[in-house]
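Right, one structure below, let's go through it.
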Amino acid sequence: MPPLPSSRWAPSARRLDASDLLDCRMEMRRGDEVVSQGSGRACLASPLNALLWLARVMA
């Protein structure tokens, strides 16, 4: 069985709105190696669209 993916995030008292998500930067790593990076806009034009797509696929 392959290892499960994991993630790290830092909680904050600052609230984000949808426009903040568009400009939010992301970096995916495998160990110390950066394997992907981008912004919220690169994710089906918005991370909210990606979430909606995932919900429809999983339904």
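So the check is Cβ under 6 Å with 6+ separation or different chains; which pairs have a first residue in region 20-46 that's of a type in the set (Gly, Ala, Ser) and a second one that's surrounded by fewer than 11 Cβ atoms within 10 Å (Cβ to Cβ) and in a strand (DSSP E or B)?
Ser39/Arg25
Checking the structure you have, find out if any residue of region 10-18 is surrounded by 10 or more Cβ atoms within 10 Å (Cβ to Cβ), in contact with a helix residue (DSSP H, G or I) (Cβ under 7 Å, 6 or more places away or on another chain) and small (Gly, Ala, Ser).
Yes.
Considering only residues of region 17-37 that are assigned to a loop (DSSP other than H, G, I, E, B) and more than 14 Å from Pro47 (Cβ to Cβ), which is modelled with the lowest pLDDT?
Gly31
The values are calculated or read from the model by the stated rules, or taken from the named source; none is laboratory data. Please read all numbers here as calculations on a predicted model, not as lab measurements. Heads up, the Cβs are rebuilt from the backbone with ideal geometry, glycines too, and the neighbour counts pull from every protein chain shown.
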